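**Q** One structure, as structure tokens, below. Some questions next.
What follows draws every value from the coordinates through simple rules; no lab data is involved. Remember, predicted model here, so these are calculated numbers, not experimental data. Glycine also receives a Cβ, built like all others from the backbone with ideal geometry; neighbour counts cover every protein chain displayed.
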Ligand SMILES: *Cc1c(COP(=O)(O)O)cnc(C)c1O
């Protein structure tokens, strides 16, 4: 069967080379006579796999010595709670910048756990289509929180707020290793792997060592303490072994393709190609404002999204969107349906998507525009 062009926001496409390697090693990994799926995580065959994945993260992201790299479970969503419970413990106050669904969920989770949340800026006024400019964050906050790439809204920070001594925490689920990032500017970074790194099942956490402490609340579950995972090299309990194995392969693929710098070049080319088409089209338009645009997630509308709320206009808009998605699928372009909060379509063009795939999509879009 032919492979499709997969524009899913997550889980998302993986490099074909990686999938082929996994397939080749499925029945017998490295002469062990077992699949990595079947192996003890404490075995001499498995331990180098997790150690290599960690070393590759440190290398590719240039992670300083005083940071720990953890592999945990529970996705980005569990990090919303862990960040609050482990970091929001001195003054119990935290600053959040609200740039969309994921940032808002993180703030709500922190509030639920008793952290006094201040939303210091929000782009809600324009349906989160831009990143608010916050040059400096000051106050007695335990941490300041941002979502660096907003998967649903298709926005991305082009700057980092200055936070002084306040640890900056960032959700990098949908932009991890899509570009170089100065880890030393952050207290904590986390990313669910299923957007840009691996299949679902593992969450990468990079945390500055001084932030790994006991939690004052004795009822914090052991599994929800960074300390537990840091002290046990992410092996306190059974890690998501196979996902970490695939992650390691993806990291080597990234290295082969120029590392974080190489990914940025590749991603910039793809995003420029698509945005350039959208910005010059009479039929389509991008929803994210210039200066805040994501290289990874590109939501767009058609000319039938007029904002008019009468029945006829709404029906026309709905019909054209579903026609687009249906015809795209028939032509081999999958998962282009937009998120309901933005409407229209969304193309997620993570590291593994090629420029060739984006060009093919634009050709399809042009054909569709002419016919409609
Ligand atoms: C997908 C996503 C999440 C949620 O991740 P889960 O692993 O499904 O919990 C959080 N933040 C961002 C930016 C995301 O894209």
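**Q** Arranged by the count of other C-beta atoms within 10 angstrom, fewest first, what order do 96, 304 take?
**A** Fewest-to-most Cβ neighbours within 10 Å comes out as 304, 96.
**Q** If you take the square roots of the eigenvalues of the alpha-carbon gyration tensor of the chain and sort them as a ≥ b ≥ c, do you get rounded (a/c under 1.5), prolate (a/b over b/c) or oblate?
**A** Since a/c reaches 1.5 but b/c is at least a/b, the shape of the chain is classed as oblate.
**Q** How long is the gain from residue 279 to residue 91 if the chain were fully straight, where each residue apart is worth 0.36 nm and the alpha carbon distance is subtracted?
**A** Between residue 279 and residue 91, full extension yields 63.1 nm more.
**Q** Which order do 27, 235 fall in if you start with the one that has the fewest other Cβ atoms within 10 Å?
**A** Going from least to most buried by this count: 27, 235.
**Q** Using a Gaussian network model on the chain with a 10 Å cutoff between Cα atoms, which of 287, 220, 99 fluctuates the most?
**A** 220
**Q** How high is the relative contact order of the chain? Use alpha-carbon pairs under 8 Å, at least six apart in sequence, and give a whole percent.
**A** Dividing the mean separation by the residue count of the chain yields 22 percent.
**Q** In what sequence do 225, 82 fall when counting other Cβ within 10 Å, fewest first? All intermediate terms of the calculation are to be shown ahead of the outcome.
**A** Numbers: 225 19, 82 26.
Fewest to most other Cβ atoms nearby, the residues stand as 225, 82.
**Q** Run the simple label-point estimate for residue 255 and residue 327 please: 7 Å along Cα→C-beta, distance reported in nm.
**A** For the pair residue 255/residue 327, the computed spacing is 4.5 nm.
**Q** Something else now. Roughly how many nanometres apart are two label points built 7 Å out from the Cα toward the Cβ at residue 303 and residue 126?
**A** 2.4
**Q** Could I ask something else about it? If I take every Cα pair under 8 Å that is 6 or more residues apart in the stretch 238-372, average their sequence separation and divide by the length, what percent do I get for the relative contact order?
**A** Worked out over the stretch 238-372, it gives 25 percent.
**Q** Would you look at the GNM of the chain, springs on alpha carbons closer than 10 Å, and say which of 45, 144, 308 moves the most?
**A** Maximum fluctuation in the GNM of the chain, among the listed residues, is at 308.
**Q** May I pose another question? Rounded to the nearest 0.05, what FRET efficiency is calculated for residue 268 and residue 319 with R0 set to 35 Å and r the Cβ-Cβ distance?
**A** My answer for the efficiency is 0.50.
**Q** Let me ask something else about it. Quick check: residue separation of residue 25 and residue 222 times 0.36 nm, minus the Cα distance between them. What number comes out in nm?
**A** Working: separation 197, 0.36 × 197 = 70.92 nm, distance 3.47 nm.
67.5 nm is the gain from fully extending residue 25 to residue 222.
**Q** If you take every DSSP beta bridge fully contained in the chain, what fraction is antiparallel? Give it as a percent rounded to 5.
**A** Here the share of antiparallel DSSP bridges comes out near 55 percent.
**Q** How much length would be gained if the chain were fully extended between residue 165 and residue 32, taking 0.36 nm per residue of separation minus their Cα-Cα distance, in nm to one decimal?
**A** Using 0.36 nm per residue and subtracting the Cα-Cα distance, I get 43.0 nm.
**Q** Ok, one more. Apply 1/(1 + (r/R0)^6) to the Cβ-Cβ distance of residue 112 and residue 233, taking R0 = 41 Å, and write down the FRET efficiency to the nearest 0.05.
**A** After rounding to 0.05, the efficiency reads 0.85.
**Q** Sticking with this structure for a sec: With the contact rule set at Cα under 8 Å and sequence spacing of 6 or more, what percent relative contact order holds for the stretch 159-230?
**A** Numbers: 81 pairs, mean separation 15.8, N = 72.
Contact order relative to length: 22 percent.
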